[in-house]
1. If you look at just the Cα atoms of region 64-183, how large are its Rg and its Dmax in Å?
2. Got a sec? Charge dipole of region 342-404, +1 on Cβ for Lys and Arg, -1 for Asp and Glu; which of L343, I354, F387 is way out at the positive end?
3. Using the structure shown, list the pairs from K149/K196; K191/K376; K191/K401 with a Cα-Cα distance above 32 Å, or answer none.
4. Could you run the Karplus curve 6.51 cos²θ - 1.76 cosθ + 1.60 with θ = phi - 60° over region 55-63 and give me ³J(HN,Hα) per residue in whole Hz, x for Gly and Pro?
5. Counting only residues 5 or more places away or on other chains, whose amide H sits under 5 Å from the amide H of N93 once H atoms are built in the peptide plane?
6. Quick one: order I252, I445 from most to least accessible surface, probe 1.4 Å.
7. Which whole-Hz ³J(HN,Hα) couplings does region 358-363 yield from phi under the Karplus relation 6.51 cos²θ - 1.76 cosθ + 1.60, θ = phi - 60°, glycine and proline marked x?
8. Of H150, H267, H497, which has the most accessible area with a 1.4 Å probe, and how do the rest follow in descending order?
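The values are calculated or read from the model by the stated rules, or taken from the named source; none is laboratory data. Please read all numbers here as calculations on a predicted model, not as lab measurements. Positions of Cβ are generated from backbone atoms using ideal geometry, with glycine treated the same way; all protein chains shown enter the neighbour counts. SASA here: full protein model, heavy atoms, side chains in, ligands and nucleic acids out. Shrake-Rupley method; radii C 1.70, N 1.55, O 1.52, S 1.80 Å.
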Amino acid sequence: MRKNQNTSKKRRLADIRGKWMVHIMLLACAITLFFPVIAYAAEEEAEKVTSRFYMTPLSLLPPVIAIGLALITKEVYTSLFVGIVIGGLLYSNFSFEGTITHVFTGGIVSVLSDSYNVGILIFLVILGIMVVLMNKAGGSAAFGRWAAKHIKSRAGAQLATIALGVLIFIDDYFNCLTVGSVMRPVADQSKISRAKLSYVIDATAAPVCIIAPVSSWAAAVASYVEDGNGLYLFIRTIPFNFYALLTIIMMIFLALTGMDYGPMAKHEKNAKETGDIFSGIEEYAAATSETANPNGKVLDLVLPIAILIVSCVIGMIYSGGFFEGAGFVEAFSNSDASIGLVLGSSVALILTVIYYCIRRNITFEGIAEAIPEGFKSMVPAILILTFAWSLKAMTDSLGAKQFVEELVQNSAGSFQSFLPAIVFVIGVFLAFATGTSWGTFGILIPITLAVFPLGNPIGVICVSACMAGAVCGDHCSPISDTTIMASAGAQCNHVTHVSTQLPYAITVAAVSFVSYIIAGFVPNAFIALPIAIVLMIGTLIGIRQVTASRNA
């Protein structure tokens, strides 16, 4: 009897499954037929759409909502998608069909069709594969054992991470993932939380690249200056780039004193006292659970990283025409980071596989398994980047850049001495809302150069303030690609990384703001920079005393 009941129950379940499968298939067919119609309609109507919110303050609403939701709910994927949908609604004047078509054709599909973006995604995947290969070959574990013998303190591990981040100044994307893959074993051995590691990685990426004359960032800034004076102007702005310089000073101070405050202090306390480097959020914990290969050597990590660095540098200058007669600096100025990094990382991956095959410390099956594993390890970063790029596309379509540009132009002539501080704040806000430093450069630097001639000291300080503000906003923004890749490089939960580093970035930003006010009245780097450094160290000492008295 019971057997018959079970049989009839199975049949009913099978019938239900069959009906659902039919419904799903019909729905899939409908979607397949419906979306081409929408796409065609989008192409027909693209030129006719005029948003009521174009170049208004509401054009900045999508990123503001996305960032607010991410910080409140701790759900970055959902928050970004909500921001994208809000952008689509505003662009289409709350039309359902217009929203759907703009979100997908003007947003997600569009950014994934962009060759530059695709190149960055390929670079991410290749780096993910190389990290898995280095782990399987035992290189990471061997480097961790070596570091345990030579780096005896948490301060030493942090200073080593900072030093490596400063040395890899070519490109911020490359910096984040390379420093992360190399220093994770060292940080884990020294019980440094992943939140702290991701902060150090992020703080040595864009802030270092923006003061390095030979970098993709220098090339981007130089491209906005006419008459070939871009690199000359970039070098003149370095002493006034307070945010970048003070960030490095702050990291060294924190490492030497062992001081932490804000949410970071909780994560560091958990790591030191219990060894919980993830503070309970074990999004990447499985990546560290694999049994280490005992046959690995330090060279199995160092050599692939060295090959990667050399290959990417060659790839960058190749994309800039170095092998066609251009000089080294000129080639870097004309380089395409996407093409250069893809070519360089691809060559590095091939040479690494050949090296491991010669070493025979990893099987061919292990190499083959590393490809999907490396891809999977980068899926969170790829998904966040895709949504972040789509959100930026929504913001651009609403004329946010033009709105800010007009706002700055209308007020640029007033209170000249305060202008560097004002430009810094605008740069911070714009980069934070849009998640891009380079886009902020493109808006503010041409405006600044139009207001001030190249030889005017205030003009140089304003350009530097624009660069510093853009890096600061990019550093703070949860939708910034550099911030996302710093999380991926450290294998840290993204929202954890953003929330823990935000108080540190705001501290440096506040000191930088005051320093730009001083520089506006005293436009001399030999006076303004030492004052800024003294203010930074004094602020950190004050914070240390306050936190110590609270903990007492």
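1. Gyration radius and largest Cα-Cα distance of region 64-183: 20.7, 64 Å.
2. Most positive-ward Cα: L343.
3. Checking Cα-Cα distances, K191/K401 exceed 32 Å.
4. Result, ordered by residue: 6, 10, x, 5, 5, 8, 5, x, x Hz.
5. R52
6. I252, I445
7. Rounded to whole hertz, the list is 5, 5, 6, 9, 8, 6.
8. These residues rank, largest area first, as H150, H267, H497.
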